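Here's the structure we're looking at; comments come further down.
The values are calculated or read from the model by the stated rules, or taken from the named source; none is laboratory data. Keep in mind that this is a model prediction, so the values were computed, not measured. Note that we place each Cβ from the backbone using ideal geometry, even for glycine, and neighbour counts take in every protein chain shown. Accessible surface areas use protein heavy atoms only, side chains included; no ligands, DNA or RNA. Shrake-Rupley method; radii C 1.70, N 1.55, O 1.52, S 1.80 Å.
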Amino acid sequence: MDANMAAVFAVYLVGTASPGPSNLAIMGVAMEQGRSRALSLAAGVALWWRRAAR
């Protein structure tokens, strides 16, 4: 594997491993308001993405 391919792969790994804004929001709600509120938010995010994907 040459140096360019290794750099691209490293950037890919960092991008894949980092949480997005919705994940951070769900984690914040879970820590502040509890599991049931976080699950409600996660369900809402999933429904939004399902509708947006159509």
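Of the numbered criteria (1) in contact (Cβ under 8 Å) with a residue 12 or more places away in the chain; (2) in a loop (DSSP other than H, G, I, E, B), the one ARG54 fails is (1). Every condition in (1) among the aliphatic types (A, V, I, L, M); (2) at pLDDT 85 or above; (3) open to solvent by 90 Å² or more (accessible area, probe 1.4 Å) holds for VAL45 except the one numbered (3).
So, ALA10, is that one surrounded by 11 or more Cβ atoms within 10 Å (Cβ to Cβ), small (Gly, Ala, Ser) and assigned to a helix (DSSP H, G or I) or not?
Numbers: surrounded by 11 or more Cβ atoms within 10 Å (Cβ to Cβ): no; small (Gly, Ala, Ser): yes; assigned to a helix (DSSP H, G or I): yes.
Taking the combined requirement at face value, the residue does not satisfy it.
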